[in-house]
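The values are calculated or read from the model by the stated rules, or taken from the named source; none is laboratory data. Every value quoted in this text rests on a predicted model; they were computed, and no experiment measured them. Using ideal geometry, Cβ is built from the backbone for each residue, glycine included, and neighbour counts are taken over all protein chains shown.
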Ligand SMILES: *Cc1c(COP(=O)(O)O)cnc(C)c1O
(Lines give C-alpha, C1' and ligand atoms only; values in the text may rest on other atoms or scores of the structure.)
Protein backbone atom coordinates (compact mmCIF):
# COMPACT_ATOMS: atom_id res chain seq x y z
CA UNK A 1 0.00 0.00 0.00
CA UNK A 2 1.18 3.52 -0.76
CA UNK A 3 1.56 6.23 1.87
CA UNK A 4 -0.96 8.35 0.00
CA UNK A 5 -3.59 5.59 0.31
CA UNK A 6 -2.95 5.25 4.04
CA UNK A 7 -3.11 9.01 4.61
CA UNK A 8 -6.39 9.17 2.74
CA UNK A 9 -7.80 6.36 4.89
CA UNK A 10 -6.77 8.20 8.07
CA UNK A 11 -8.48 11.30 6.76
CA UNK A 12 -11.67 9.48 5.74
CA UNK A 13 -12.12 7.20 8.74
CA UNK A 14 -10.27 9.18 11.40
CA UNK A 15 -7.46 8.01 13.63
CA UNK A 16 -6.33 5.80 15.13
CA UNK A 17 -7.35 3.20 12.55
CA UNK A 18 -6.31 -0.33 11.58
CA UNK A 19 -5.85 -0.99 7.86
CA UNK A 20 -5.46 -4.45 6.29
CA UNK A 21 -4.25 -5.13 2.77
CA UNK A 22 -6.13 -8.07 1.22
CA UNK A 23 -3.49 -8.49 -1.47
CA UNK A 24 -0.76 -9.16 1.10
CA UNK A 25 -2.94 -11.71 2.92
CA UNK A 26 -3.66 -13.43 -0.37
CA UNK A 27 -0.02 -13.53 -1.44
CA UNK A 28 1.08 -14.94 1.92
CA UNK A 29 -1.59 -17.63 1.68
CA UNK A 30 -0.55 -18.54 -1.84
CA UNK A 31 3.13 -18.51 -0.98
CA UNK A 32 2.59 -20.99 1.86
CA UNK A 33 0.35 -23.17 -0.30
CA UNK A 34 2.90 -23.25 -3.10
CA UNK A 35 5.73 -24.04 -0.68
CA UNK A 36 4.02 -27.37 0.00
CA UNK A 37 3.22 -28.03 -3.64
CA UNK A 38 4.74 -31.51 -3.42
CA UNK A 39 2.17 -32.64 -0.83
CA UNK A 40 -0.99 -34.31 -2.18
CA UNK A 41 -3.36 -33.11 0.51
CA UNK A 42 -2.54 -29.85 2.24
CA UNK A 43 -4.79 -27.95 4.64
CA UNK A 44 -4.08 -24.47 5.96
CA UNK A 45 -6.33 -23.61 8.89
CA UNK A 46 -6.03 -19.89 9.54
CA UNK A 47 -5.69 -19.21 13.29
CA UNK A 48 -8.65 -16.92 13.90
CA UNK A 49 -7.29 -15.47 17.12
CA UNK A 50 -4.68 -13.45 15.19
CA UNK A 51 -7.33 -11.30 13.50
CA UNK A 52 -10.96 -12.32 13.76
CA UNK A 53 -12.92 -9.67 11.87
CA UNK A 54 -15.70 -11.41 9.90
CA UNK A 55 -14.56 -9.88 6.62
CA UNK A 56 -11.04 -11.24 7.15
CA UNK A 57 -12.53 -14.66 7.92
CA UNK A 58 -14.60 -14.46 4.72
CA UNK A 59 -11.47 -13.58 2.77
CA UNK A 60 -9.69 -16.62 4.23
CA UNK A 61 -12.64 -18.82 3.36
CA UNK A 62 -12.64 -17.51 -0.21
CA UNK A 63 -8.93 -18.39 -0.51
CA UNK A 64 -9.70 -21.98 0.42
CA UNK A 65 -8.37 -21.81 3.96
CA UNK A 66 -9.82 -23.74 6.88
CA UNK A 67 -10.08 -22.17 10.34
CA UNK A 68 -8.30 -22.89 13.60
CA UNK A 69 -10.36 -21.76 16.59
CA UNK A 70 -9.70 -21.63 20.33
CA UNK A 71 -13.12 -20.72 21.74
CA UNK A 72 -16.72 -21.58 20.96
CA UNK A 73 -17.16 -17.91 20.05
CA UNK A 74 -14.48 -18.20 17.36
CA UNK A 75 -16.22 -21.34 16.09
CA UNK A 76 -19.45 -19.35 15.77
CA UNK A 77 -17.66 -16.45 14.04
CA UNK A 78 -16.24 -18.97 11.57
CA UNK A 79 -19.64 -20.48 10.85
CA UNK A 80 -21.07 -16.99 10.45
CA UNK A 81 -18.31 -16.16 7.96
CA UNK A 82 -19.35 -19.15 5.88
CA UNK A 83 -16.84 -21.84 6.86
CA UNK A 84 -18.28 -25.34 6.72
CA UNK A 85 -18.13 -27.05 10.12
CA UNK A 86 -15.73 -29.66 8.75
CA UNK A 87 -13.34 -26.86 7.71
CA UNK A 88 -13.05 -25.72 11.31
CA UNK A 89 -10.78 -27.23 13.93
CA UNK A 90 -11.34 -26.43 17.60
CA UNK A 91 -8.01 -26.35 19.45
CA UNK A 92 -8.71 -24.92 22.88
CA UNK A 93 -6.61 -25.13 26.02
CA UNK A 94 -8.11 -25.64 29.44
CA UNK A 95 -11.76 -25.24 28.44
CA UNK A 96 -14.66 -27.20 29.89
CA UNK A 97 -15.99 -30.50 28.56
CA UNK A 98 -19.30 -28.69 27.90
CA UNK A 99 -17.64 -26.19 25.56
CA UNK A 100 -15.94 -29.01 23.64
CA UNK A 101 -19.25 -30.87 23.38
CA UNK A 102 -20.91 -27.72 22.09
CA UNK A 103 -18.32 -27.43 19.33
CA UNK A 104 -18.59 -31.14 18.52
CA UNK A 105 -22.37 -30.80 18.22
CA UNK A 106 -21.80 -28.12 15.57
CA UNK A 107 -19.77 -30.64 13.58
CA UNK A 108 -16.32 -29.12 13.90
CA UNK A 109 -13.14 -31.17 14.29
CA UNK A 110 -12.23 -31.47 17.97
CA UNK A 111 -8.64 -31.29 19.16
CA UNK A 112 -8.09 -32.32 22.79
CA UNK A 113 -4.97 -31.44 24.73
CA UNK A 114 -5.29 -33.22 28.06
CA UNK A 115 -6.01 -36.77 29.21
CA UNK A 116 -8.75 -35.89 31.69
CA UNK A 117 -11.03 -34.36 29.05
CA UNK A 118 -10.00 -37.00 26.51
CA UNK A 119 -11.18 -39.76 28.82
CA UNK A 120 -14.45 -38.00 29.66
CA UNK A 121 -15.15 -37.14 26.02
CA UNK A 122 -14.26 -40.64 24.83
CA UNK A 123 -16.56 -42.23 27.39
CA UNK A 124 -19.52 -40.09 26.37
CA UNK A 125 -18.92 -39.79 22.62
CA UNK A 126 -16.86 -42.73 21.36
CA UNK A 127 -18.20 -42.18 17.82
CA UNK A 128 -16.92 -38.62 17.40
CA UNK A 129 -13.41 -38.64 15.93
CA UNK A 130 -10.91 -36.59 17.88
CA UNK A 131 -7.49 -35.12 17.21
CA UNK A 132 -4.99 -35.10 20.07
CA UNK A 133 -2.50 -32.36 20.79
CA UNK A 134 0.92 -33.70 21.69
CA UNK A 135 3.67 -31.86 23.52
CA UNK A 136 6.99 -33.31 22.33
CA UNK A 137 8.96 -31.22 24.86
CA UNK A 138 11.87 -33.49 25.69
CA UNK A 139 14.02 -34.73 22.88
CA UNK A 140 13.78 -38.49 22.49
CA UNK A 141 16.96 -40.47 22.87
CA UNK A 142 18.84 -37.65 24.53
CA UNK A 143 20.82 -37.09 21.34
CA UNK A 144 19.95 -33.44 21.12
CA UNK A 145 19.97 -30.57 23.54
CA UNK A 146 17.53 -28.52 21.52
CA UNK A 147 14.40 -28.40 23.64
CA UNK A 148 11.34 -26.66 22.29
CA UNK A 149 8.22 -27.19 24.42
CA UNK A 150 8.95 -26.42 28.08
CA UNK A 151 8.71 -29.38 30.40
CA UNK A 152 6.19 -27.36 32.41
CA UNK A 153 4.25 -26.03 29.44
CA UNK A 154 0.49 -26.16 29.94
CA UNK A 155 -0.12 -27.13 26.31
CA UNK A 156 -0.65 -30.57 24.92
CA UNK A 157 -0.40 -34.12 26.17
CA UNK A 158 3.14 -34.99 27.12
CA UNK A 159 4.91 -37.32 24.76
CA UNK A 160 5.72 -39.41 27.85
CA UNK A 161 2.02 -40.02 28.43
CA UNK A 162 1.43 -41.79 25.13
CA UNK A 163 0.96 -45.18 26.85
CA UNK A 164 -1.76 -43.69 29.06
CA UNK A 165 -3.31 -41.97 26.05
CA UNK A 166 -3.40 -45.27 24.14
CA UNK A 167 -5.04 -47.00 27.09
CA UNK A 168 -7.81 -44.38 27.16
CA UNK A 169 -8.34 -44.82 23.41
CA UNK A 170 -8.51 -48.60 23.73
CA UNK A 171 -10.86 -48.59 26.73
CA UNK A 172 -13.28 -45.97 25.38
CA UNK A 173 -13.04 -47.31 21.79
CA UNK A 174 -12.79 -43.72 20.58
CA UNK A 175 -11.27 -42.88 17.22
CA UNK A 176 -8.20 -40.66 16.96
CA UNK A 177 -8.25 -39.19 13.44
CA UNK A 178 -5.50 -36.62 13.79
CA UNK A 179 -2.47 -35.70 15.80
CA UNK A 180 -1.31 -32.18 16.39
CA UNK A 181 1.68 -30.31 17.71
CA UNK A 182 2.23 -26.57 17.99
CA UNK A 183 5.79 -25.89 19.01
CA UNK A 184 7.59 -24.48 16.01
CA UNK A 185 8.87 -25.56 12.65
CA UNK A 186 11.82 -27.59 13.83
CA UNK A 187 12.48 -30.70 11.81
CA UNK A 188 13.43 -32.65 14.96
CA UNK A 189 9.97 -32.15 16.50
CA UNK A 190 8.53 -33.34 13.25
CA UNK A 191 10.28 -36.69 13.48
CA UNK A 192 8.86 -37.08 16.98
CA UNK A 193 5.36 -36.43 15.68
CA UNK A 194 5.81 -39.02 12.90
CA UNK A 195 7.04 -41.52 15.46
CA UNK A 196 3.99 -40.80 17.63
CA UNK A 197 1.65 -41.04 14.65
CA UNK A 198 2.56 -44.69 14.14
CA UNK A 199 0.66 -45.52 17.35
CA UNK A 200 -2.64 -44.51 15.73
CA UNK A 201 -4.00 -46.64 12.95
CA UNK A 202 -6.90 -44.51 11.71
CA UNK A 203 -5.39 -41.08 11.17
CA UNK A 204 -6.69 -38.75 8.49
CA UNK A 205 -4.32 -35.88 9.14
CA UNK A 206 -1.20 -34.69 10.91
CA UNK A 207 -1.26 -31.09 12.06
CA UNK A 208 2.06 -29.33 12.56
CA UNK A 209 0.60 -26.20 14.16
CA UNK A 210 2.32 -22.99 13.26
CA UNK A 211 5.54 -21.30 14.22
CA UNK A 212 6.13 -19.58 10.89
CA UNK A 213 8.18 -16.48 11.59
CA UNK A 214 7.76 -13.14 9.87
CA UNK A 215 10.26 -10.28 10.16
CA UNK A 216 9.22 -7.33 12.34
CA UNK A 217 12.41 -5.32 12.11
CA UNK A 218 15.56 -5.39 10.06
CA UNK A 219 17.64 -8.46 10.76
CA UNK A 220 14.72 -10.57 12.03
CA UNK A 221 14.51 -14.17 10.94
CA UNK A 222 11.85 -15.06 8.41
CA UNK A 223 10.94 -18.72 7.97
CA UNK A 224 12.12 -19.87 4.58
CA UNK A 225 8.82 -21.57 3.79
CA UNK A 226 9.96 -22.80 0.38
CA UNK A 227 12.96 -24.63 1.82
CA UNK A 228 10.94 -25.91 4.80
CA UNK A 229 8.08 -26.96 2.53
CA UNK A 230 10.35 -28.93 0.25
CA UNK A 231 12.06 -30.71 3.14
CA UNK A 232 8.94 -31.47 5.19
CA UNK A 233 6.86 -32.29 2.13
CA UNK A 234 9.34 -34.92 1.00
CA UNK A 235 9.52 -36.41 4.48
CA UNK A 236 5.73 -36.33 4.81
CA UNK A 237 5.26 -38.20 1.54
CA UNK A 238 7.72 -40.86 2.70
CA UNK A 239 5.83 -41.17 5.95
CA UNK A 240 2.49 -41.61 4.15
CA UNK A 241 4.00 -44.44 2.16
CA UNK A 242 5.24 -46.07 5.35
CA UNK A 243 1.86 -45.50 7.02
CA UNK A 244 0.02 -46.92 4.03
CA UNK A 245 -2.36 -44.02 3.46
CA UNK A 246 -2.39 -40.53 1.94
CA UNK A 247 -2.78 -38.33 4.99
CA UNK A 248 -3.55 -34.63 4.99
CA UNK A 249 -0.77 -32.31 6.09
CA UNK A 250 -2.22 -29.43 8.12
CA UNK A 251 -0.91 -26.15 9.48
CA UNK A 252 -2.52 -23.34 11.46
CA UNK A 253 -0.74 -20.14 10.57
CA UNK A 254 -1.94 -16.90 12.11
CA UNK A 255 0.84 -14.35 12.13
CA UNK A 256 2.30 -15.54 8.83
CA UNK A 257 -0.92 -14.79 6.96
CA UNK A 258 -1.98 -11.47 8.45
CA UNK A 259 0.84 -9.76 10.36
CA UNK A 260 2.48 -7.89 7.50
CA UNK A 261 -0.86 -7.03 5.88
CA UNK A 262 -1.74 -4.77 8.82
CA UNK A 263 -0.96 -1.07 9.27
CA UNK A 264 -1.95 0.85 12.35
CA UNK A 265 -2.26 4.60 11.84
CA UNK A 266 -2.12 7.10 14.69
CA UNK A 267 -1.74 10.85 14.89
CA UNK A 268 0.97 12.66 16.82
CA UNK A 269 -0.68 14.82 19.47
CA UNK A 270 2.43 16.22 21.12
CA UNK A 271 6.15 16.41 20.42
CA UNK A 272 7.78 16.83 23.79
CA UNK A 273 11.46 17.58 24.28
CA UNK A 274 12.75 16.63 27.73
CA UNK A 275 16.31 16.90 29.01
CA UNK A 276 17.16 13.47 27.61
CA UNK A 277 14.60 12.47 25.01
CA UNK A 278 12.27 13.65 22.31
CA UNK A 279 8.88 12.04 22.84
CA UNK A 280 6.26 11.76 20.15
CA UNK A 281 2.91 11.13 21.85
CA UNK A 282 0.27 9.56 19.66
CA UNK A 283 -3.51 9.35 19.98
CA UNK A 284 -3.44 5.68 20.96
CA UNK A 285 -1.76 3.45 23.50
CA UNK A 286 -1.41 -0.11 24.69
CA UNK A 287 -5.19 -0.22 24.90
CA UNK A 288 -5.11 -0.54 21.09
CA UNK A 289 -1.71 -2.14 20.46
CA UNK A 290 -0.36 -4.02 23.46
CA UNK A 291 2.34 -6.16 21.87
CA UNK A 292 5.27 -3.78 22.51
CA UNK A 293 4.41 -3.53 26.22
CA UNK A 294 3.26 -7.13 26.68
CA UNK A 295 5.87 -9.00 24.66
CA UNK A 296 8.52 -6.39 23.93
CA UNK A 297 7.50 -6.67 20.28
CA UNK A 298 9.29 -4.32 17.94
CA UNK A 299 6.86 -2.78 15.44
CA UNK A 300 8.55 -0.52 12.89
CA UNK A 301 7.20 3.01 13.00
CA UNK A 302 7.15 5.29 9.94
CA UNK A 303 6.18 8.92 9.63
CA UNK A 304 4.04 8.68 6.52
CA UNK A 305 3.25 12.41 6.64
CA UNK A 306 6.89 13.31 6.11
CA UNK A 307 8.57 10.27 4.55
CA UNK A 308 11.54 12.20 3.14
CA UNK A 309 12.17 14.40 6.17
CA UNK A 310 15.47 14.38 8.05
CA UNK A 311 15.78 11.34 10.32
CA UNK A 312 15.91 12.00 14.06
CA UNK A 313 15.63 9.92 17.23
CA UNK A 314 12.29 9.67 18.97
CA UNK A 315 10.60 7.71 21.69
CA UNK A 316 7.09 7.04 20.50
CA UNK A 317 4.67 6.80 23.41
CA UNK A 318 0.93 6.43 23.89
CA UNK A 319 -1.70 8.48 25.70
CA UNK A 320 -2.46 5.94 28.45
CA UNK A 321 -1.94 7.13 32.02
CA UNK A 322 0.93 4.81 32.78
CA UNK A 323 4.04 3.96 30.84
CA UNK A 324 3.10 2.82 27.37
CA UNK A 325 6.04 2.95 25.04
CA UNK A 326 5.78 1.81 21.44
CA UNK A 327 9.45 2.26 20.71
CA UNK A 328 12.50 3.93 22.24
CA UNK A 329 15.21 5.72 20.30
CA UNK A 330 13.68 5.08 16.91
CA UNK A 331 15.11 6.80 13.89
CA UNK A 332 12.07 8.36 12.24
CA UNK A 333 11.67 11.08 9.61
CA UNK A 334 11.22 14.39 11.42
CA UNK A 335 7.91 14.48 13.26
CA UNK A 336 5.60 17.47 13.60
CA UNK A 337 2.45 17.54 15.68
CA UNK A 338 -0.45 16.34 13.54
CA UNK A 339 1.67 13.89 11.52
CA UNK A 340 0.35 10.38 10.93
CA UNK A 341 2.61 7.56 12.10
CA UNK A 342 2.24 4.07 10.71
CA UNK A 343 2.97 1.00 12.85
CA UNK A 344 3.95 -1.94 10.67
CA UNK A 345 3.08 -5.62 11.15
CA UNK A 346 -0.18 -4.60 12.77
CA UNK A 347 -2.32 -7.42 11.39
CA UNK A 348 -1.77 -10.19 13.94
CA UNK A 349 -2.64 -10.00 17.64
CA UNK A 350 -3.18 -6.25 17.49
CA UNK A 351 -6.86 -5.39 17.13
CA UNK A 352 -7.88 -8.72 18.67
CA UNK A 353 -6.01 -7.80 21.86
CA UNK A 354 -7.36 -4.24 22.05
CA UNK A 355 -9.29 -3.10 25.11
CA UNK A 356 -11.23 -0.13 26.43
CA UNK A 357 -8.65 0.73 29.10
CA UNK A 358 -8.81 4.42 30.05
CA UNK A 359 -12.38 4.31 28.69
CA UNK A 360 -11.19 4.80 25.13
CA UNK A 361 -13.06 3.53 22.12
CA UNK A 362 -11.57 0.66 20.14
CA UNK A 363 -10.51 1.86 16.68
CA UNK A 364 -12.18 1.08 13.36
CA UNK A 365 -10.83 -1.50 10.92
CA UNK A 366 -10.53 -0.89 7.19
CA UNK A 367 -9.84 -3.42 4.45
CA UNK A 368 -7.90 -2.22 1.43
CA UNK A 369 -9.14 -4.40 -1.40
CA UNK A 370 -8.51 -3.93 -5.11
CA UNK A 371 -7.56 -0.29 -4.71
CA UNK A 372 -10.51 0.66 -2.52
CA UNK A 373 -10.94 1.19 1.21
CA UNK A 374 -13.82 -0.62 2.91
CA UNK A 375 -14.84 0.02 6.49
CA UNK A 376 -15.14 -3.43 8.10
CA UNK A 377 -15.62 -2.34 11.71
CA UNK A 378 -16.80 1.01 12.98
CA UNK A 379 -15.10 2.95 15.71
CA UNK A 380 -16.79 2.36 19.03
CA UNK A 381 -18.97 5.04 20.54
CA UNK A 382 -19.88 6.05 24.07
CA UNK A 383 -22.90 3.74 23.86
CA UNK A 384 -20.56 0.77 23.31
CA UNK A 385 -18.63 1.68 26.46
CA UNK A 386 -21.69 1.61 28.72
CA UNK A 387 -23.73 -1.02 26.81
CA UNK A 388 -23.59 -3.78 29.43
CA UNK A 389 -23.41 -1.67 32.53
CA UNK A 390 -26.42 -1.91 34.79
CA UNK A 391 -27.63 1.28 36.40
CA UNK A 392 -29.19 0.02 39.63
CA UNK A 393 -31.70 2.63 40.76
CA UNK A 394 -31.55 4.24 44.19
CA UNK A 395 -28.65 2.10 45.36
CA UNK A 396 -26.96 4.97 47.18
CA UNK A 397 -29.98 7.12 47.97
CA UNK A 398 -30.30 7.59 51.77
CA UNK A 399 -33.36 5.89 53.30
CA UNK A 400 -34.73 9.22 54.52
CA UNK A 401 -34.71 10.62 51.02
CA UNK A 402 -36.30 7.43 49.68
CA UNK A 403 -39.20 7.90 52.12
CA UNK A 404 -39.85 11.45 50.97
CA UNK A 405 -39.63 10.30 47.36
CA UNK A 406 -42.64 8.07 47.86
C1 LIG B 1 -2.08 -19.15 18.23
C2 LIG B 1 -2.06 -20.45 17.61
C3 LIG B 1 -1.63 -20.60 16.28
C4 LIG B 1 -1.12 -19.46 15.43
O5 LIG B 1 0.17 -19.10 15.75
P6 LIG B 1 0.95 -18.00 14.89
O7 LIG B 1 2.23 -17.82 15.58
O8 LIG B 1 0.12 -16.75 14.88
O9 LIG B 1 1.09 -18.53 13.52
C10 LIG B 1 -1.69 -21.86 15.74
N11 LIG B 1 -2.12 -22.93 16.46
C12 LIG B 1 -2.54 -22.81 17.73
C13 LIG B 1 -3.01 -24.00 18.45
C14 LIG B 1 -2.51 -21.58 18.35
O15 LIG B 1 -2.91 -21.49 19.62
| said: Checking the conditions here, which among 41, 73 is surrounded by fewer than 18 Cβ atoms within 10 Å (Cβ to Cβ) and touching a strand residue (DSSP E or B) at 6+ places or on another chain (Cβ under 6 Å)? | reply: 41
| Criterion violated by residue 222 - all others in (1) free of Cβ contacts under 8 Å to residues at least 40 places away in the same chain; (2) surrounded by 18 or more Cβ atoms within 10 Å (Cβ to Cβ); (3) closer than 24 Å to residue 352 by Cα satisfied | (2)
| said: For the stretch 340-365, give me each residue that is surrounded by fewer than 19 Cβ atoms within 10 Å (Cβ to Cβ) and within 16 Å of the ligand (Cβ to nearest atom). | reply: 352, 353
| note | Filtering the stretch 65-87 for residues that are under 19 Å from residue 134 (Cα atoms) and free of Cβ contacts under 8 Å to residues at least 24 places away in the same chain leaves a count of 1
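For the structure I just gave you, tell me whether residue 93 is surrounded by fewer than 15 Cβ atoms within 10 Å (Cβ to Cβ), within 15 Å of the ligand (Cβ to nearest atom) and in the same structural domain as residue 181 (by TED's automatic domain parsing).
On the way: surrounded by fewer than 15 Cβ atoms within 10 Å (Cβ to Cβ): yes; within 15 Å of the ligand (Cβ to nearest atom): yes; in the same structural domain as residue 181 (by TED's automatic domain parsing): yes.
The answer is yes for residue 93.
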| remark: Going through the stretch 1-26 in order, the residues found to be part of a strand (DSSP E or B) and surrounded by fewer than 23 Cβ atoms within 10 Å (Cβ to Cβ) are 21
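So which helices (runs of 4 or more DSSP H) stay within the stretch 112-206 end to end and still have 1 or more residues that are modelled with pLDDT under 95? Write out each step before concluding.
Values: elements: 115-124, 162-172, 187-197.
Those helices (runs of 4 or more DSSP H) span 187-197.
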| field | Filter result for residue 211 (under 19 Å from residue 44 (Cα atoms) and within 14 Å of the ligand (Cβ to nearest atom)) | value | yes
| task | Give 49, 58 a once-over and let me know the one that is in contact (Cβ under 8 Å) with a residue 12 or more places away in the chain, within 15 Å of the ligand (Cβ to nearest atom) and either over 23 Å from residue 362 (Cα atoms) or surrounded by fewer than 24 Cβ atoms within 10 Å (Cβ to Cβ) (or both). | result | 49
| message | Which of the numbered conditions does residue 244 fail, given that it passes all the others? Conditions: (1) crowded, with 17+ Cβ neighbours inside 10 Å; (2) away from the ligand (no atom under 16 Å from the Cβ). | response | (1)
